[in-house]
Amino acid sequence: MKILSDLNLDELQTELAGFPRFRAKQIFDAIKQGKGYDEIAIPASMKDELKKSYILKPLEIYKVLTSKDGTKKYLLKLYDENLIECVFLRQSYGNTICMSTQVGCRMGCKFCASTKNGLIRNLTAGEMLSTIAVVNADNGKSNERNFTNIVLMGSGEPFDNYENVVKWLDLITDKQGFNVSERNISISTCGLVDKIKEFSLLHYNVTLCVSLHATTDEIRRTIMPIASRYTIAEIVNALKEYAEKNNRRVVFEYCLIKGTNDRAEDIKNLKQITSGLLCHVNVICLNENGGSLRATTRAEALNFIDKLNKAGISATLRRSQGEDIAGACGMLRAKSLKQKD
């Protein structure tokens with residue numbers, strides 16, 4: 001079975017060449033609005049024929065939790081019964097959708113709930129597009145865009161699903177589709193250097209974010225297995241290449257872990273790491289997920305940021321949203337999977 005949302009309008013017209021040309025546009029609009037076969041006005045005979053070979057709506061809302069701050073956490077069920085997460089964040093400067101790129105994750109970062117059950121499979125570009133469509137439709141009129149920004153910071157490592165993420169970028173920025181500006185898209189990676197370098201050659205104007213979370217390779221290896229493959233120096237060199245080629249500021253994501261990466265020497269190391277790089281440090285308060293890692297307090301985090309700023313490092317504390325609804329990536333899915341066992 002093919003997923004129709006994997007295709008742009010031109011590809012749909014070619015794929016559905018046996019039907020009147022305007023039908024492809026109807027299907028394309030239905031994809032954008034997150035609709036299924038029963039919600040579109042096409043002949044029953046065409047629906048029956050399409051259902052034999054094509055999936056129109058590859059996912060649906062399985063569960064949604066709404067926070068007191070307006071954040072909505074979605075558990076989405078794919079056509080094969082797998083579950084993924086998505087978060088809709090209401091913000092004064094434009095609503096943001098935080099989405100997943102894989103079912104699970106194989107990176108094994110100790111602070112992240114997404115990786116607890118390993119990687120099940122990659123999402124296709126169309127499944128990622130449908131994530132946006134379904135969540136968008138649930139937060140306003142389905143024929144309007146009810147969000148401004150998209151961040152690929154949910155479950156999964158985007159560059160471990162490289163081809164589908166690049167295809168999705170083309171679909172989501174398509175002027176005939178959602179027409180999202182590349183500058184309103186952020187992609188987070190744990191630091192797959194070869195893919196960062198490959199991506200830099202494509203000249204997308206997206207914000208590239210790297211999960212750093214430690215200032216030495218030795219400590220990083222204890223919390224992020226990928227650090228055994230790529231050093232911090234290699235990551236920084238790849239980011240400099242990206243920033244120079246695309247004239248875009250990069251972001252370091254830095255999740256504060258008590259006694260691990262919140263020391264005075266870490267500030268000194270961060271000064272060296274960020275030197276000569278157009279970048280920003282996004283400090284995050286750790287969401288404890290049942291492991292051995294402990295979070296710093298908010299006051300300690302703010303003090304750490306103050307010291308970073310005084311050292312000449314651009315840094316802010318990420319605003320926490322949806323804390324009362326398991327807002328961190330992977331937490332709701334992990335809870336649901338546990339309940340199924």
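Among the residues examined, Ile235 qualifies as within 28 Å of Asn149 (Cα to Cα) and of a type in the set (Val, Ile, Thr).
Within the set Ala125, Ala133, the sole residue that is in contact (Cβ under 8 Å) with a residue 60 or more places away in the chain and either under 21 Å from Lys63 (Cβ atoms) or touching a His at 6+ places or on another chain (Cβ under 7 Å) (or both) turns out to be Ala133. For the range 147-178, residues that are within 15 Å of Leu123 (Cβ to Cβ), among the aromatic types (Phe, Trp, Tyr) and either open to solvent by 10 Å² or more (accessible area, probe 1.4 Å) or out of contact with any Phe, Trp or Tyr (no Cβ under 9 Å at 6 or more places or on another chain) (or both) total 2.
Annotation: Leu65 fulfils all but one of (1) touching a helix residue (DSSP H, G or I) at 6+ places or on another chain (Cβ under 9 Å); (2) modelled with pLDDT of 95 or more; (3) surrounded by 18 or more Cβ atoms within 10 Å (Cβ to Cβ); (4) farther than 18 Å from Tyr162 by Cα; the unmet one is (3). Among the conditions (1) out of contact with any Asp or Glu (no Cβ under 9 Å at 6 or more places or on another chain); (2) part of a helix (DSSP H, G or I), Lys195 misses just one, which is (1). Criterion applied to Lys197, Lys175, Lys167 was being free of Cβ contacts under 8 Å to residues at least 24 places away in the same chain, basic (Lys, Arg) and farther than 23 Å from Ile267 by Cβ, and the one residue passing it is Lys175. Taking the criterion of being closer than 15 Å to Ile55 by Cα and either touching a Gly at 6+ places or on another chain (Cβ under 9 Å) or buried (at least 20 other Cβ atoms within 10 Å of the Cβ) (or both), the residues of the range 8-20 that qualify are Asn8, Leu12, Leu16.
Taken over the range 21-42, the criterion of being in contact with a helix residue (DSSP H, G or I) (Cβ under 9 Å, 6 or more places away or on another chain), open to solvent by 20 Å² or more (accessible area, probe 1.4 Å) and over 23 Å from Ile132 (Cα atoms) is satisfied by Arg21 alone.
The residue list Asn247, Asn237, Asn303 contains one member that is surrounded by fewer than 14 Cβ atoms within 10 Å (Cβ to Cβ) and within 28 Å of Tyr204 (Cα to Cα), which is Asn247. Scanning the range 50-62 for residues that are exposed (fewer than 14 other Cβ atoms within 10 Å of the Cβ) and over 30 Å from Leu89 (Cβ atoms) turns up Lys51, Lys52, Ser53.
It is to be established whether one or more residues within the range 220-227 are in contact (Cβ under 8 Å) with a residue 40 or more places away in the chain, open to solvent by 20 Å² or more (accessible area, probe 1.4 Å) and of a type outside the set (Val, Ile, Thr). Scanning the range 220-227 turns up at least one residue that is in contact (Cβ under 8 Å) with a residue 40 or more places away in the chain, open to solvent by 20 Å² or more (accessible area, probe 1.4 Å) and of a type outside the set (Val, Ile, Thr).
Among the residues of the range 263-283, the ones that are under 19 Å from the mean Cα position of the chain (by Cα) and either open to solvent by 30 Å² or more (accessible area, probe 1.4 Å) or within 23 Å of Asn247 (Cβ to Cβ) (or both) come to 3 in all.
The values are calculated or read from the model by the stated rules, or taken from the named source; none is laboratory data. All figures in this text were calculated on a predicted structure; none of them were measured in a lab. Every residue, glycine as well, gets a Cβ built from its backbone with ideal geometry; the counts of neighbours run over all protein chains shown. When the accessible area is computed, the model is the full protein with side chains, heavy atoms only, and any ligands, DNA or RNA have been set aside. Shrake-Rupley method; radii C 1.70, N 1.55, O 1.52, S 1.80 Å.
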